[in-house]
Amino acid sequence: MPTTAFSSINFSDITDFVVNEGHGVKGLSDVGLKTLPKQYIQPLTERITTSTIIVDDSIPIIDMSNWDNDSKIGENICDAAEKWGFFQIINHEIPLEVLDNVKAATYRFFKQSAEEKNKHSKDNSCTNNVRYGTSFTPQAEKALEWKDYLSLFYASDEEAADLWPSACRDEALDFLRNSDIVIKKLLKALMKGLNVNEIDQTKESLLMGSKRINLNYYPKCPNPELTVGVGRHSDVSTLTILLQDNIGGLYVKKLDSDAWVHVPPIDGAIVINVGDALQIMSNGKYKSIEHRVIANGNNNRISVPIFVNPNPNHLIGPLQEVIEKNGEKPIYKQVLYSDYVKHFFRKAHDGKETIDFAQIN
Ligand SMILES: COc1cc(/C=C/C(=O)SCCNC(=O)CCNC(=O)[C@H](O)C(C)(C)COP(=O)(O)OP(=O)(O)OC[C@H]2O[C@@H](n3cnc4c(N)ncnc43)[C@H](O)[C@@H]2OP(=O)(O)O)ccc1O
Ligand SMILES: O=C(O)CCC(=O)C(=O)O
Ligand SMILES: [Fe+2]
């Protein structure tokens, strides 16, 4: 239970209670708040409306089971990355037990007291690689988002053993380890689609030289129609490997339209999306698509994305092969990946605007 009595929280203390004391939005939800605090009310333009949702279309579902014998699977992956930037994979060989365990570990971490979780906040954590927080960048946001998170940057097994919270450490590491084979298959197919036939060590470090796993917790929300779980954004990763539970609420923007498409939960499936780094490296061929998560008035929801990223010290830009072999004119410049990510983290979610940072004017 929160250490601050509910009766003593007034609206001006909300940010203090949620952000600074580390109760998160889960703390607000747990005390049975009946009305959404004004800090969470999003402008109308940021709320999803039924008129913009289309139900007669959906992102592709790709069955990976015959990967070794069917080259069509690789082609379907490239096609989905070009036309949707999002797809789901089934029969991906990540054991279902690993997925169930990391979901249980997410609940276990967030069930802890605010005091325990807040040991990992930006101000209290002894490392930048472990961060518990709420919303996205509260200090830069006009309206807060209804989500708490734990973000774990993977540096080494030793560091994780020492610094990651024990409530979820082993399960998060297990999900990371078990996702490696499928990540390599996806990147191999996507590179082939760009005429890059070999992923040597340098390319591997460029494409997947760092990984971050986030545990996201979206508690039940009063007045979910007035706020968002996560606002419109694209990921800054190369690829994101997203595990969602069975509640639903993730929406993806359909390419070249203003329509939004729901990503239906499928038992055992993993959602894959292209991030900005891959859009840049592919010179715009693969699309890093805007997505958002709605808040839910009836259920808690969790999700566990693994962000597969370039090594932060790499310069990223359109791949040489894409420019030379395919004879394309680069539409993005070379930028230091850690500068790109810092730019993303220092502002509120703003749709696809982060990529302007790398655009050639
Ligand atoms: C949280 O809700 C989210 C998250 C997302 C994430 C989507 C992604 O695609 S994450 C992929 C991220 N990529 C990497 O992690 C690449 C490798 N990492 C790095 O390059 C660096 O670790 C770094 C992230 C750039 C941080 O470097 P550092 O030198 O430590 O720089 P700082 O000055 O400490 O941080 C810069 C700035 O970012 C804020 N920040 C850092 N880490 C996080 C984090 N995990 N979550 C949120 N914010 C973070 C930090 O506070 C600094 O801001 P200031 O205002 O304090 O200057 C998608 C959607 C979501 O809702
Ligand atoms: O919760 C989800 O389904 C998606 C979360 C997301 O987009 C993110 O963490 O980047
Ligand atoms: Fe995302």
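The values are calculated or read from the model by the stated rules, or taken from the named source; none is laboratory data. Since the model is a prediction, treat every value here as computed from it, not as a measurement. Note that we place each Cβ from the backbone using ideal geometry, even for glycine, and neighbour counts take in every protein chain shown. Side chains are part of the model used for accessible areas, which takes the heavy atoms of the whole protein and leaves out ligands, DNA and RNA. Shrake-Rupley method; radii C 1.70, N 1.55, O 1.52, S 1.80 Å.
To the nearest 20 debye, what charge dipole does the stretch 108-200 have about its Cα centre, counting +1 at the Cβ of each Lys and Arg and -1 at the Cβ of each Asp and Glu?
Working: 14 positive and 16 negative charges, 84 e Å.
Using only the charged Cβ atoms, the result is roughly 400 debye.
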Tilt of helix 72-83 relative to the longest C-alpha principal axis of the chain, in degrees (0 to 90, nearest 10)?
60
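Charges at C-beta only: +1 for Lys and Arg, -1 for Asp and Glu. How large is the resulting dipole of the chain about its Cα centre, in Debye rounded to 20? Write down the numbers at each step before the final one.
Values: 39 positive and 48 negative charges, 152 e Å.
Dipole size: approximately 740 debye.
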Area accessible to solvent at residue 145, 1.4 Å probe radius, in Å²
10
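Can you tell me the relative contact order of the stretch 158-298? Whole percent, Cα pairs under 8 Å, sequence separation 6 or more. Write down the numbers at each step before the final one.
Working: 168 pairs, mean separation 37.3, N = 141.
With pairs under 8 Å counted, the relative contact order is 26 percent.
Accessible area per residue for the chain in Å², computed with a 1.4 Å probe and the full protein assembly in place, what is it?
On the way: 16260 Å² over 361 residues.
With all protein chains present, the chain gives 45 Å² per residue.
Before rounding to the nearest 500, sum -39500 (n - 2.57) across all DSSP H runs of length at least 4 in the chain and divide by the residue total; then give [θ] at 222 nm in deg cm²/dmol.
Values: 10 runs with 100 residues, N = 361.
Only helices count here, giving -8000 deg cm²/dmol.
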Given bins 10 angstrom wide, list per bin the percent of all Cα-Cα distances in the stretch 67-226, short to long.
9, 29, 31, 24, 7, 0
Under a straight-distance cross-link criterion of Cα-Cα below 19 Å, which lysines are reachable from residue 119, leaving out those fewer than 8 residues away in the same chain?
26, 111, 147
Ranked output for segments 126-133, 188-195 by mean other Cβ atoms within 10 Å, highest leading, reads 188-195, 126-133
Quick one: check the C-alpha center-to-center distance for the stretch 166-232 versus the stretch 305-327, whole angstrom.
16
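Taking every pair of Cα atoms in the stretch 85-129, average 1/r, invert it to obtain the Kirkwood radius, and report Rg/Rh to two decimals. Don't skip to the answer; put the middle values down first.
Values: Rg = 15.6 Å, Rh = 13.4 Å.
That ratio equals 1.17.
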The chain: spread of alpha-carbon positions along the three principal axes, whole Å, largest first, is 66, 49, 39
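Nearest 0.05, what FRET efficiency do residue 342 and residue 51 give at R0 = 41 Å with Cβ-Cβ as r?
Computed FRET efficiency for residue 342 and residue 51: 0.65.
Could you compute the FRET efficiency for residue 328 and residue 79, with r as their C-beta to C-beta distance and R0 at 22 Å, rounded to 0.05? Could the numbers behind the result be given before it?
Values: r = 19 Å, r/R0 = 0.86.
For residue 328 and residue 79, the calculated efficiency is 0.70.
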Give me the accessible area of residue 180, 1.4 Å probe, in Å² rounded to the nearest 10.
40
Report in % the part of the accessible area of the chain that belongs to carbon and sulfur, leaving out ligands and nucleic acids; probe 1.4 Å.
48
